[in-house]
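Attaching a single structure in structure tokens format; questions to follow.
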Amino acid sequence: MKPGYAEAIQNSDGRPLRICLLTYRGNPTCGGQGVYIKRISRALRDLGHTVHVVSGPPYPDLDPDIPLHRLPSLDLYNQDALFRFPTFREILSPINDLEWLGISTWGFSEPLTFGIRAYHFLRENYGAFDVVHDNQCLSYGLLGIKRLGIPTVATIHHPITVDRETELRAAKSWLKKIKVRRWYSFVGMQKRVARRLSHIITVSECSKEGISEEFRVPSNRFRVIPNGIDTDIFHPIPQVERDHNRIMVTSSADTPLKGLRYLLEAVASIARDREIKLTVIGRLKRNGVVDRLVRELDLGRSVQFTDRIADRDFAYYYARSTMAVVPSLYEGFGFPAGEAMACGIPVISTTGGALPEVVGDAGVFVPPADSRALKSAIISLMDNPARRRELSIAGLERVRRNFMWESISYKLEKVYRETINANGRFLQT
């Protein structure tokens, strides 16, 4: 058992629970939701609970003692067979037909159809679980699970409407705007389902306020439980020598919400007067928006894109860097900030979304979408090694105090037991 879990187990409210985690896409390389399902399954198992994960493709990379139930779909976003035509056997399934129709009309039907498949799975395995925890799928199938009498809670990481509005502003033509609106057509479903749940977990006060307003869900149904940081992966490596004036950022390069373009503009401006290197942990989409911007700003010699890297390599990249920058326009939580602090590296962050809640007094803040402010903050921190050391220590302490999975898993358990106790009453509404 990991250190810290003994105290959490002593604080537990009763017998171990049988927990079913639902995630329509579970692979950690798909983003923060994949990381979330891997981490909470491990943390809850370490607390002594029985944990099963039900996932659509691409499937999660779970620890060997966490059972995984695969719910195959058409998997039409698989890069090895992108938007392939379904086989005859596949189109005999009405659920597959629904998925195909949604994607063929520019929509994103994976959450809807995964929820229906999950409903059938739980109906067939009725009585196997004490509680179901949905990871931001919010499909109509979740209401079917609730009608089966299974206590059901959902995590909503942030209001997805923020992503939609950001992409609409970035779209340059009416056709692209139509595609964006069609892609996010699942949001209406998610709003309607969220209003029918007794308990919703979210990861920050900022997300709670935004979801409550955008989804019209009463604030008293939310429980704020921050994400944890895996300190087995993210930790200082003091024996690695830092590179001079090297910045690190983890980013989905062509996602407007991540704000990478503003950091690139700041780096380009700094590079005119002094040496600077930027490492981007992420894949560069050839001829994409960011790729074109790198060429326009003549940053080829200053910027390195690593593509995807193994978990074990993150700490090394952080250890080599002078500082980390989180240029996001909005974050519902902000894994990159917490992970950088856990590695003992100073952080410059925007004030977008929940980032101030994560960084607290352990970083330097700039407004979102402000390349000049980023430039000023980077130069200031480059020229002040004492301040960098101070922030490194403060960030590491903040992670150890607020974002350890031991205490977070106990908070999740409390919400599960609340949901189980409230289930009989809420089923009548």
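The values are calculated or read from the model by the stated rules, or taken from the named source; none is laboratory data. Just so it is clear, the structure is predicted and the values come from calculations on it, not from any experiment. Cβ: placed from backbone, ideal geometry, glycine included. Neighbour counts: every protein chain shown.
Conditions tested, residue by residue: (1) of a type in the set (Val, Ile, Thr); (2) under 23 Å from the mean Cα position of the chain (by Cα).
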{"position": "ILE66", "(1), (2)": "yes, yes"}
{"position": "GLN79", "(1), (2)": "no, yes"}
{"position": "ASP97", "(1), (2)": "no, no"}
{"position": "GLY127", "(1), (2)": "no, no"}
{"position": "LEU143", "(1), (2)": "no, no"}
{"position": "ASP163", "(1), (2)": "no, yes"}
{"position": "LYS176", "(1), (2)": "no, no"}
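Follow-up. Just checking, which of SER109, SER73 is of a type in the set (Ser, Thr, Tyr), crowded, with 19+ Cβ neighbours inside 10 Å and touching a Phe, Trp or Tyr at 6+ places or on another chain (Cβ under 7 Å)? Please lay out each step first, then the result.
Numbers: SER109 fails: touching a Phe, Trp or Tyr at 6+ places or on another chain (Cβ under 7 Å).
Testing whether each residue is of a type in the set (Ser, Thr, Tyr), crowded, with 19+ Cβ neighbours inside 10 Å and touching a Phe, Trp or Tyr at 6+ places or on another chain (Cβ under 7 Å) leaves just SER73.
Let me ask another. For the range 96-125, how many residues meet the condition of being aromatic (Phe, Trp, Tyr) and either modelled with pLDDT under 95 or not assigned by TED's automatic domain parsing to the domain that holds LEU21 (or both)?
Here is the first cut: in the range 96-125, the residues aromatic (Phe, Trp, Tyr) are 100, 106, 108, 114, 119, 121.
Pick out the ones that are also either modelled with pLDDT under 95 or not assigned by TED's automatic domain parsing to the domain that holds LEU21 (or both) and you get 100, 106, 108.
Of the residues in the range 96-125, 3 are aromatic (Phe, Trp, Tyr) and either modelled with pLDDT under 95 or not assigned by TED's automatic domain parsing to the domain that holds LEU21 (or both).
On the basis of being of a type in the set (Lys, Arg) and either over 28 Å from the mean Cα position of the chain (by Cα) or in the same structural domain as ALA154 (by TED's automatic domain parsing) (or both), does ARG398 make the cut? It would help to see each step written out before you state the result.
Working: of a type in the set (Lys, Arg): yes; either over 28 Å from the mean Cα position of the chain (by Cα) or in the same structural domain as ALA154 (by TED's automatic domain parsing) (or both): no.
It is false that ARG398 is of a type in the set (Lys, Arg) and either over 28 Å from the mean Cα position of the chain (by Cα) or in the same structural domain as ALA154 (by TED's automatic domain parsing) (or both).
Here is a list: PHE403, PHE333, PHE365. Which entry is free of Cβ contacts under 8 Å to residues at least 24 places away in the same chain and either in the same structural domain as GLY14 (by TED's automatic domain parsing) or of a type in the set (Phe, Trp, Tyr) (or both)?
Values: PHE403 fails: free of Cβ contacts under 8 Å to residues at least 24 places away in the same chain; PHE333 fails: free of Cβ contacts under 8 Å to residues at least 24 places away in the same chain.
PHE365 is the lone residue from the list that is free of Cβ contacts under 8 Å to residues at least 24 places away in the same chain and either in the same structural domain as GLY14 (by TED's automatic domain parsing) or of a type in the set (Phe, Trp, Tyr) (or both).
Test LYS375 against the stated conditions and say whether it is assigned by TED's automatic domain parsing to the domain that holds THR152 and in contact (Cβ under 8 Å) with a residue 24 or more places away in the chain.
Numbers: assigned by TED's automatic domain parsing to the domain that holds THR152: no; in contact (Cβ under 8 Å) with a residue 24 or more places away in the chain: yes.
So LYS375 fails the test.
Can you tell me which residue in the range 312-347 is farthest from TYR262 (Cα to Cα), limited to those that are out of contact with any helix residue (DSSP H, G or I) (no Cβ under 8 Å at 6 or more places or on another chain) and among the charged types (D, E, K, R)? Please lay out each step first, then the result.
Step one: list which residues in the range 312-347 are out of contact with any helix residue (DSSP H, G or I) (no Cβ under 8 Å at 6 or more places or on another chain), which gives 312-313, 315-317, 319-321, 336.
From the residues that got through so far, the ones that are among the charged types (D, E, K, R) too are 312-313, 320.
Values: ARG312: 29, ASP313: 26, ARG320: 23 Å.
Selected residue: ARG312.
What number of residues within the range 211-240 satisfy the criterion of being among the small types (Gly, Ala, Ser) and crowded, with 18+ Cβ neighbours inside 10 Å? Show your work before the answer.
If we filter the range 211-240 for residues that are among the small types (Gly, Ala, Ser), which is where we start, we get 212, 219, 228.
Remaining after also requiring crowded, with 18+ Cβ neighbours inside 10 Å: 212, 228.
Matching residues across the range 211-240 total 2.
Being crowded, with 24+ Cβ neighbours inside 10 Å and polar (S, T, N, Q) is the filter here; which residues of the range 137-178 pass it?
SER139, THR152, THR155
Within the range 75-119, can you find the residues that are farther than 13 Å from TYR140 by Cα, assigned to a helix (DSSP H, G or I) and among the small types (Gly, Ala, Ser)?
ALA81, GLY102, SER104
Give, as residue ranges, the helices (runs of 4 or more DSSP H) completely inside the range 141-240 that count at least 1 residues that are farther than 30 Å from TYR316 by Cβ and modelled with pLDDT of 95 or more.
Details: elements: 160-170, 174-183, 187-194, 205-215.
In the range 141-240, 187-194, 205-215 are the helices (runs of 4 or more DSSP H) which contain 1 or more residues that are farther than 30 Å from TYR316 by Cβ and modelled with pLDDT of 95 or more.
When the range 191-204 is examined, which residues are found to be touching a strand residue (DSSP E or B) at 6+ places or on another chain (Cβ under 6 Å) and closer than 21 Å to GLY338 by Cα?
To start, the set of residues in the range 191-204 that are touching a strand residue (DSSP E or B) at 6+ places or on another chain (Cβ under 6 Å) comprises 197, 199-202.
Within the range 191-204, ILE201, THR202 qualify.
While we're looking at this one, here's another question. Could you say which residue among TYR330, TYR317 is within 21 Å of ILE378 (Cα to Cα), at pLDDT 90 or above and not in a loop (DSSP other than H, G, I, E, B)?
Values: TYR330 fails: not in a loop (DSSP other than H, G, I, E, B).
Step by step, each of TYR330, TYR317 is checked, and only TYR317 is within 21 Å of ILE378 (Cα to Cα), at pLDDT 90 or above and not in a loop (DSSP other than H, G, I, E, B).
Which residue is nearest to LEU22 (Cα to Cα), if the candidates are limited to the range 37-52 and must be buried (at least 24 other Cβ atoms within 10 Å of the Cβ) and under 17 Å from the mean Cα position of the chain (by Cα)?
ILE37
Residues to consider are VAL303, VAL326; find the one that is crowded, with 19+ Cβ neighbours inside 10 Å and farther than 23 Å from VAL399 by Cβ. Can you show your working first?
Values: VAL326 fails: farther than 23 Å from VAL399 by Cβ.
Criteria check complete, one pass: VAL303.
Against the definition (touching a helix residue (DSSP H, G or I) at 6+ places or on another chain (Cβ under 8 Å) and over 30 Å from ASP232 (Cα atoms)), how does GLY107 come out, yes or no? Even if it seems obvious, please write down each step before you answer.
Details: touching a helix residue (DSSP H, G or I) at 6+ places or on another chain (Cβ under 8 Å): yes; over 30 Å from ASP232 (Cα atoms): yes.
Yes; evaluated as a whole, the condition is true for this residue.
Same structure, new question: Name the residues in the range 145-161 that are within 21 Å of the chain's Cα centre (by Cα) and among the small types (Gly, Ala, Ser), would you? Outline the logic, then answer.
Quick first cut of the range 145-161, residues within 21 Å of the chain's Cα centre (by Cα) only: 152-161.
Hit for the range 145-161 is ALA154, nothing else.
Which pairs do you get when a residue that is assigned by TED's automatic domain parsing to the domain that holds ARG274 and of a type in the set (Lys, Arg), found in the range 301-316, comes within reach of a residue that is in a loop (DSSP other than H, G, I, E, B) and surrounded by 13 or more Cβ atoms within 10 Å (Cβ to Cβ), reach meaning Cβ atoms under 9 angstrom, with the pair 6+ apart or on two chains?
ARG308/GLY282; ARG308/ARG283; ARG312/ILE233
At pLDDT 95 or above and surrounded by 13 or more Cβ atoms within 10 Å (Cβ to Cβ): does that describe LEU284? Steps first, answer last, please.
Values: at pLDDT 95 or above: no; surrounded by 13 or more Cβ atoms within 10 Å (Cβ to Cβ): yes.
Taking the combined requirement at face value, the residue does not satisfy it.
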